[in-house]
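The values are calculated or read from the model by the stated rules, or taken from the named source; none is laboratory data. Owing to the predicted nature of the structure, the values given are computational and were not obtained by experimental measurement. No Cβ is skipped: glycine too gets one built from the backbone with ideal geometry, and neighbour counts run over all protein chains shown. All accessible areas refer to the heavy atoms of the entire protein, side chains included, with ligands and DNA or RNA removed. Shrake-Rupley method; radii C 1.70, N 1.55, O 1.52, S 1.80 Å.
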Amino acid sequence: MAKDGFETLKLVGTRPNRPDGLDKVTGRARYGADFSLPGMLWGAVVRSPHAHARIVKIDATKAEALDGVKAVITRADFPTGLTGEDWNLQENTMAGEKALYDGHAVAAVAATSKLLAEQAARLIEVTYEVLPHVIDVDAAMAEGAPVIRAGAADATVPEGLHPNVVRYMEFGRGDVDAGFAEADLVMERTYKTEATHQGYIEPHACVSKMGADGKGEMWVCTQGHWYIRKMSAAVLGIEASQLRVTPTEIGGGFGGKTTIFMEPLSLALSKKAGGRPVKIVMSRSEVLRATGPTASASMDVKIGMTKDGKITAARAEFRMQGGAFPGAPVDMALYCCFAGYKLANVHHVGYDVLANRPKCAAYRAPGSPNGAFAVESLVDEMCRKLGLDPVEVRLKNGVTTGDRASYGPKFGSIGLTEVLEAVKAHPQLQAPLGENQGRGFAVGYWFNHNGETSVSMAIGEDGTAQVSVGTPDIGGSRASIALMVAETLGIPYEDVGVNVVETGALGVNEPTHGSRATFASGKAAVEATQAAIKEMCRRAAAEWDIDDEAVEWVNGAAQPAGPNAGKFPPMSIKEIAGKMGQTGGPISGHHESVPDGVGASFGAHVVDLEVDPETGRVTILRYLVVQDAGRAIHPSYVEGQYQGGAAQGIGWALNEEYVYDDKGRLSNTVFLDYRVPVASDLPMIDTVIVEVPNPGHPFGVRGVGETGITPPLPAIANAIHDAVGVRMTHLPINPPKLLAALKAR
Amino acid sequence: MRYHSPTDFASASALAAGASGVTRFLSGGTDVLVQMRAGMVLPDDLIDLKKIPGVSDITQTAGGGWRIGVAVPGIVLGAHEGLKADWPGVVEGMNLVGSTQVQGRATLTGNLCNGSPAADSVPGLVAAGAVVEITGPTGVRTVAVEAIPAGPGKTTLAKGELISAIVLPARGDNAGDAYLRFIPRTEMDIAVVGCAVSLRLSGDTITEARVALGAVAPTVLLVSAAADAIIGTTLDDAALDALAAAASAAANPITDKRGTKEFRVEIAGVLAKRAAKIAFARAKGETA
Amino acid sequence: MTKVHVTTTVNGDTVEFLADPRETLLDCLRDHMGLTGSKEGCGTGDCGACSVELDGTLVCSCLVLGVEAEGKTVSTIEGMANGSELHPLQRKFIEHAALQCGFCTPGILVAARKLLEVNPDPTEEETRYWLAGNLCRCTGYDKIIRAVLDAAAEMRQEVA
């Protein structure tokens, strides 16, 4: 495939119906909780009502006495001696000596019905010794804060910091002090973002069985079943090879379904219950209390700018808590926050801090939205102060292909300039604004991850193709992979099936995360298809009795590569496939690698909004997403990623947050109070797909899934400033906060 | 849990009076089922009222008012042209409860008996001067709606007592009502503050008014000082400011996950002004 | 716990099941009848993924007890297509890419069908408010709203 030959594409870039659409509009698609097995038991989990407490005693006598209760497990049922992240995972899935957050699992039960399991869970009596707790990141690293786990800090942490600081980082280049000295305007501000939840509508669910032979099987809604296998095995102290994990359809993940929660509990319960399958389906409250929230952040940013808009130096110091375990994405936040700017002098400092909250999980561009809120807010403020156009300032300082990123490596092909030019050309920038209305703009960035990838494809006897991938389809990746394979083979889109297969069917695949499914599985699928094409050419060559190299593949058929190769009519894929049993047997292709050539994606958003000055309520009037997709394989699903990311970012900016009471208990544990945007909160979300092809992918794909959540946070804060003149530095900008700021003006 | 579906209120009352454990009445179920799901309330006896004849009816009373059955869901209330013409504020309060789906089940009586200070339908009923008929072990009594809530999750109903109907008075001429709530989203939130205003005009002058506030105290408040601030006025700017000041002064809220105390106090005044303007326009026969 | 025998009509078929009175209609559809198209996203009436019609009224099946279905008619996502012929909404949802993960889709389709029954020509705003109780976390709603409005337009032409 010629890298610049996209104009000849027949299928890539079209918008066919997704292959799994029919099952998903008829209710037939099977998600995590839809799967059942004969003889199945139901599991329920007992969770700590305390933010921080020593577990003195667990008495399950009353639960075990109930007719129909088949197994009760506590941490005593798990192996000891785990270390590092394996220990973290085990500790998070089942508390040991201490409950570390409200909602932390302390015991689990399996019984013959869901209601019985819930009743039994209520009868398990846990005696706690409540300990002092800490929730806020700044409070958690302040002198005197309760120590969540002594000795958790790694070697990066300098002497003298609070034991809750478990990771420290510092990196940069140039001389920031000299850079600030060159500036006409130097500003420094502190920003805060609150923790949010991924908010997938499908609660976590799995069915597991594990016999006395120690072999287990699981059906689970997940972004990555090899991760589930590896992590569950580690927690249970067995080899990953002893588990077979099959992914169901997945009802949203956004990063939150790349790790384990109740999965090892269901395996342990099944084993204890004599191998009967055990199903665990979380309630929404369990999802909010005990699964994947994001980190919260406290961030200092300092920037120097000349009066014509050149950034001379930049410094960021971010403090993030990611719950009671190491892993807040402070590194990612720092890498991304200045990524859009060409900087000679830049310095980053980061602290990863423990607090009494659930272990944070990935959420769409983890860390990047937090950092963008801080940096893009400050750049906007400085542009206004200097009377400069915020888009022009981004263009002036913006990175282009070959520039060294703020965090170190050189950028390959990137499309920030093209994105900014597309913003300038968009009519929304000319739309008139009324009283109390404002317009905000911001840029966002996310990488494109490669990851271990294994794909197989097989040619059917009728000349169709079946592709086996290991990356669950969350948002239409079956369609985009089928398009790329069909394009490569030169056959109709409908003739390609894409199946997400279980852990026994392929080599290891990383999850659908890091904006990688269409990039990595897509690239591997094309490579696998090329292998099958090579074999089909070989079969034709054998029949024609010419050299393999003298055959080329054009429009779904083998043909002699030129006039000297011989004179034979093209041999179609259907013809080759129809007789493959006689010409050497099945034809298939396989590819496995950690694909190189990832293509990072920049985006820019423009939001128009109105503030009710009497109540502080914000209404989004218009919204524009412009982002570089490299090449949109199925543009509808690229637009969908842009729109979905924007909606989540709008929620984070305005109303979503984890609210804790004074005892450290999560107050908003249902969707009534964890306020994700509803349909009537949003306008249509306009999209512009910029296409600066990624040369590292056969069709030019960049990962597009994550960047879109990043710009809304600062864009909305900037628009609010434009509308009513107040600079909001603490998310979410909910009505009480904004009204208080308006009254303080 | 035992599930009962009696066919008259006396039997329902007797069941509740004779029960020894946790008892709940079920009409729409949009609160009871949520509490059961969360394990907050695990009833021993659940008494479904929907098999009682008449509970799904809206009928006009002899005096020109309206009698609303305990199982009339929001969607039916919202589709009743006569009721909407008389008491648009009551109907719009009920129709703000939950989603389209929740409107298919949720009832005025349930919203009242759930005892939430933030119940969207209650300020409208209080401003309207609605009363409830209560069936109990000793017979039937009638009390004002504002006498039912006793604090978050609590009512003044005694053991064995249940509401058997809500009765709205006749609307009369030159009158209008309105309900507004503040929520951070456009839908699906519990009111951070709610305010209902009902008033009557003589010409352009307000002759009667009732103002009720929700979510700013342990129970819905009937604020006579706020009503006094606009009675005798033409709802000019001075009257509106006085109304807002009285509403804010009456508010005695807490800070919680849904809003701060300061915010609620401020918004009580803002909503009172806005609701009063709508009620005024309705009383004048203008569409608002 | 004594179970209750319930007879009801689901998607035109008479069905009988034994319900624990604490079980919701959603539990009964999913666990007793094998109709797993209706989803539980919250169990509190806040997400709409379990939307069904009960005697023609749009409800959250998580807010109805199974025993309350006695003698009533229930229609779920599984009954939306006419045999192998998709309802226009189902077709338009696929064409417009109005689903990503697809988990909220059954509830939204059931709710949207009711909207077009009571209001064949809804505005964008009316559609957004009608569907406010159906949470979708993937799409930002844009393509869902477009699909509903497009299906409405097509259905109006068919009637005309």
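The figures follow:
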{"item": "List of segment B:98-128 residues, accessible area with partners at least 40 Å² below that of the chain alone (1.4 Å probe)", "result": "B:THR100, B:GLN101, B:ARG105"}
{"item": "Dipole magnitude of the protein assembly as shown about its Cα centre (Cβ charges: Lys, Arg +1; Asp, Glu -1), debye to nearest 20", "result": "1480"}
{"item": "Relative contact order of chain A, defined on C-alpha pairs under 8 angstrom at six or more residues apart (%)", "result": "15"}
{"item": "For chain B: span of alpha carbons on each principal axis (Å, largest first)", "result": "57, 44, 34"}
{"item": "Segment A:585-720, Cα convex hull volume normalised per residue, Å³", "result": "195"}
{"item": "Cβ-based charge dipole, the protein assembly as shown, positive-most Cα from C:MET155, A:PRO569, A:LEU236", "result": "A:LEU236"}
{"item": "Label-point gap, in nm, between A:SER588 and B:ARG2 - each point 7 angstrom along Cα→Cβ", "result": "6.3"}
{"item": "Binned Cα-Cα distances of chain C, short to long, each 10 Å bin given as a whole percent", "result": "11, 41, 32, 14, 2, 0"}
{"item": "Per DSSP, loop GluC sites (Glu not before Pro) in segment A:237-304 with at most 14 further Cβ within 10 Å", "result": "A:GLU239"}
{"item": "Alpha carbon centroid spacing (whole Å) that separates segment C:79-108 from segment A:580-642", "result": "22"}
{"item": "More than 16 Å apart - percent of Cα-Cα pairs taken over segment C:4-79", "result": "38"}
{"item": "Size of the B/C contact, given as accessible area buried on both chains, probe 1.4 Å, in Å²", "result": "2100"}
{"item": "Net charge dipole size for chain B [Lys, Arg +1 and Asp, Glu -1 on Cβ; Debye, nearest 20]", "result": "580"}
{"item": "Chain A, accessible surface, carbon-and-sulfur percent (1.4 angstrom probe)", "result": "50"}
{"item": "Estimated [θ] at 222 nm from DSSP helical runs (n ≥ 4, -39500 (n - 2.57)) normalised by residues in the protein assembly as shown, nearest 500", "result": "-8500 deg cm²/dmol"}
{"item": "Exercise: per-residue mean of other protein chain Cβ atoms within 10 Å, B:34-45", "result": "4"}
{"item": "Positive dipole terminus of the protein assembly as shown, leading residue within C:LEU131, A:THR615, A:GLY151 (C-beta point charges)", "result": "A:GLY151"}
{"item": "Percent antiparallel among DSSP beta bridges (both partners in segment C:4-79, rounded to 5)", "result": "90"}
{"item": "Residue pairs, from the table B:LYS50/C:LYS72; A:LYS114/B:LYS159; A:LYS307/A:LYS396; A:LYS663/B:LYS261, whose Cα atoms sit over 23 Å apart", "result": "A:LYS114/B:LYS159"}
{"item": "Gained length - A:HIS730 relative to A:LYS10, 0.36 nm times residue gap less alpha-carbon distance", "result": "254.4 nm"}
{"item": "Fluctuation leader among B:ASN95, B:ASN111, B:ASN174 - chain B, Gaussian network, Cα springs under 10 angstrom", "result": "B:ASN174"}
{"item": "Two-decimal log10 I(q)/I(0) for segment A:684-745, as the Debye equation yields it once each C-alpha is a single scatterer, q = 0.17, 0.25 Å⁻¹", "result": "-0.71, -1.07"}
{"item": "For the pair B and A, total buried accessible area rounded to nearest 100 Å², probe 1.4 Å", "result": "2000"}
{"item": "On Cα atoms only, tilt of B:237-250 relative to the major axis of chain B in degrees", "result": "40"}
{"item": "Inter-chain shielding of A:34-44 (mean C-beta neighbours from other protein chains, 10 Å cut-off)", "result": "1"}
{"item": "Relative packing of A:87-96, A:60-69, which averages over residues the other C-beta atoms within 10 Å, highest first", "result": "A:87-96, A:60-69"}
{"item": "Extension gain (nm, one decimal) between B:ALA281 and B:ASP204, 0.36 nm per residue minus Cα-Cα", "result": "26.7 nm"}
{"item": "Degrees between helix C:142-159 axis and first principal axis of chain C (Cα, 0 to 90, nearest 10)", "result": "90"}
{"item": "Range of Cα positions in the protein assembly as shown per principal axis (Å), largest first", "result": "103, 74, 72"}
{"item": "Rg over Rh, two decimals, segment B:84-179 (C-alpha only, Kirkwood Rh)", "result": "0.97"}
{"item": "Cβ-defined net charge surrounding A:PRO79, 15 Å radius [Lys, Arg +1; Asp, Glu -1]", "result": "-1"}
{"item": "Ranked order, A:LYS567, A:LYS192, B:LYS257, A:LYS523 - accessible area, probe 1.4 Å, largest first", "result": "A:LYS567, B:LYS257, A:LYS192, A:LYS523"}
{"item": "Antiparallel bridges, percent of DSSP beta bridges restricted to chain A (to nearest 5)", "result": "75"}
{"item": "Separation between Cα centres of segment B:139-190 and segment A:472-548, rounded to whole Å", "result": "63"}
{"item": "Protection proxy ranking, peptides B:238-249, B:152-163, A:154-165, A:265-276, average beta carbon neighbours within 10 Å, highest first", "result": "A:265-276, B:238-249, B:152-163, A:154-165"}
{"item": "B:ALA14-A:GLU421 pseudo-label distance in nm [points 7 Å out on the Cα-to-Cβ vector]", "result": "8.5"}
{"item": "Net +/- balance of residues flanking B:LEU96 in space, Cβ distance below 11 Å, scoring K and R +1, D and E -1", "result": "-3"}
{"item": "Simple spin-label estimate for B:LYS50 and A:ASP184 in nanometres, 7 Å along Cα-Cβ", "result": "7.0"}
{"item": "Segment B:142-288 shape via C-alpha gyration tensor axes, a/c threshold 1.5", "result": "oblate"}
{"item": "Largest-first principal axis extents, alpha carbons of segment A:240-311, Å", "result": "73, 29, 21"}
{"item": "Formal net charge of residues neighbouring A:ALA51 (Cβ-Cβ distance under 15 Å; K, R +1; D, E -1)", "result": "+4"}
{"item": "Carbon and sulfur %, accessible surface of segment C:29-160 computed with the full protein complex present, 1.4 Å", "result": "47"}
{"item": "Globularity ratio of segment A:450-593, using Cα Rg and 2.2 N^0.38 Å", "result": "1.08"}
{"item": "Solvent-accessible area lost in complex, 40 Å² minimum, residues of segment A:100-125 relative to chain alone, 1.4 Å", "result": "A:LYS114, A:LEU115, A:ARG122"}
{"item": "Within 10 Å of each Cβ in B:187-194, the average number of Cβ atoms from other chains", "result": "5"}
{"item": "Total accessible surface hidden between C and A, rounded to 100 Å², 1.4 Å probe", "result": "4100"}
{"item": "FRET efficiency, A:SER667 to A:ARG122 (Cβ-Cβ, R0 22 Å, nearest 0.05)", "result": "0.55"}
{"item": "Check: segment A:508-635 dipole with +1 on Lys, Arg Cβ and -1 on Asp, Glu Cβ, in debye", "result": "340"}
{"item": "Solvent-accessible area per residue, Å², over segment B:175-283 with all protein chains present [probe radius 1.4 Å]", "result": "33"}
{"item": "DSSP beta bridges in chain B [antiparallel fraction, %, rounded to 5]", "result": "85"}
{"item": "Packing rank of A:300-309, A:668-677, where each peptide gets the mean count of other beta carbons within 10 Å, highest leading", "result": "A:668-677, A:300-309"}
